[in-house]
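A quick write-up on the structure given underneath.
Nothing in this text is a laboratory measurement; each read-out follows from the coordinates by a stated rule. Since the model is a prediction, treat every value here as computed from it, not as a measurement. Cβ atoms come from the backbone with ideal geometry, glycine included; neighbour counts cover every protein chain shown.
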Amino acid sequence: MAMIWTVEDEETISILIQKAITSMGHESQHYNDATELERGMKKGLPDLMLLDLMLRGKNGYQILKDWKNDIKTRRIPVIILSARSTETDKVKGLDLGAEDYITKPFSVRELKARINTALRRVSPAAQKMTLGPMVIEPDQRHVTLEGQEVSLTGQEFELLLYLAKNANKLVTRAQLLQEVWGYQADTDATRTVDYHIRALRKKLGDNALHPTYIETVHGSGYRLLLEGEG
């Protein structure tokens, strides 16, 4: 059973979300804005937070940025729930460290699926992976390269982890969008993948033209090179 917080100022939606959470067997705590959230944080922390963007006072982007900059909360996954549906909004939220982005209106079935996916990602059952000079610890959401810590956003970590689980195999953009972001396979948001790949390469010190870690398979997708081979 997980503790899931919601930060949502629309009463009808907040009630719907809380009912969905409790029907899954989890506990739920609701906050209307950043002020209430900050008071709640003095008493404890959740396993997952569902966050609206358009809130009174401090907006969701600001809350997310603060959440990911705080050592106490940065490893807690955040799912954005918002009526803002442009690719720019989604990329901004994911780049700030959100685990997922769900556009309103959404179905309860979709919400439950995304919650389950987010909770699985932070499950203690995840095992450490050693790929040459790179070590990935899913339970700690921690990555080191040649002994040095690599600071990644939540979505960058999930992208690297999925590539690592399929090391030396071609992974298409459609697969990444579906498995990492939870989008439908026919989405056209491929720039979201490319943007995060570029950011990930930069943090790994990789070169797209002469890759050591992430190879572009033109017209298809990407491949994580095991121990720099390929």
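Calculate how steeply helix 11-23 sits against the longest principal axis of the alpha-carbon atoms of the chain, using the helix alpha-carbon long axis, and give the answer as 0 to 90 degrees to the nearest 10. Relative to the chain, helix 11-23 is tipped by roughly 70 degrees.
Projected label points at Arg56 and Ala208, each 7 Å from Cα along the beta carbon direction, are separated by 4.5 nanometres. Taking 0.36 nm per residue of sequence separation and removing the Cα-Cα distance, the Glu110/His218 pair yields an extension gain of 35.7 nm. Helix 190-204 and the longest principal axis of the C-alpha atoms of the chain enclose an angle of approximately 70°. In the set (1) 26, 20, 18; (2) 31, 19, 16; (3) 35, 19, 17, the label that goes with semi-axes √(5λ) of the Cα gyration tensor in Å computed for this structure is (2).
For the range 129-228, the convex hull spanned by the alpha carbon atoms encloses 89 Å³ per residue.
Pairs spanning more than 27 Å between alpha-carbon atoms, out of Lys43/Lys165; Lys68/Lys165; Lys43/Lys203; Lys92/Lys128: Lys43/Lys165; Lys43/Lys203; Lys92/Lys128. Relative to the Cα centre, the charge distribution of the range 3-121, modelled as +1 at Lys and Arg Cβ and -1 at Asp and Glu Cβ, gives a dipole magnitude of about 360 debye.
Ignoring the sites themselves, what is the longest stretch of the chain with no GluC sites (Glu not before Pro) in a DSSP loop and at most 12 other beta-carbon atoms within 10 Å? Looking at the chain, 1-145 is the longest stretch - no exposed GluC sites (Glu not before Pro) with at most 12 other Cβ atoms within 10 Å.
Placing pseudo-labels 7 Å out from each Cα toward the beta carbon at Met24 and Glu149 gives an inter-label distance of 2.9 nm. Mean residue ellipticity at 222 nm, helices only, the chain: -11500 deg cm²/dmol; runs of at least 4 DSSP H residues each add -39,500 (n - 2.57), and the sum is divided by the number of residues. When the square roots of the Cα gyration tensor eigenvalues are ordered a ≥ b ≥ c, the ratio a/c for the range 83-150 is 1.5 or more and a/b does not exceed b/c, which makes its shape oblate. Given a Förster distance of 30 angstrom, what is the FRET efficiency for Thr86 paired with Thr130, based on the Cβ-Cβ distance and rounded to 0.05? The calculated FRET efficiency here is 0.15. Towards the positive end of the charge dipole of the chain, with charges on Cβ (+1 Lys, Arg; -1 Asp, Glu), say which of Ser107, Thr192, Val217 has the farthest Cα. Final value for the positive-end residue is Ser107. Within a straight-line Cα-Cα reach of under 20 Å, Lys112 can be paired with the following lysines, leaving aside sequence neighbours fewer than 8 residues apart in one chain: Lys19, Lys90, Lys104. Of all the options Gly40, Gly219, Gly25, the one that moves most in a Gaussian network model of the chain with Cα springs shorter than 10 angstrom is Gly219. Here the calculated FRET efficiency for His142 and Asp9, from their Cβ-Cβ distance with R0 = 41 Å, stands at 0.75, rounded to the nearest 0.05.
Between the beta carbons of Lys43 and Lys165, assuming R0 = 30 Å, the FRET efficiency works out to 0.25 to the nearest 0.05.
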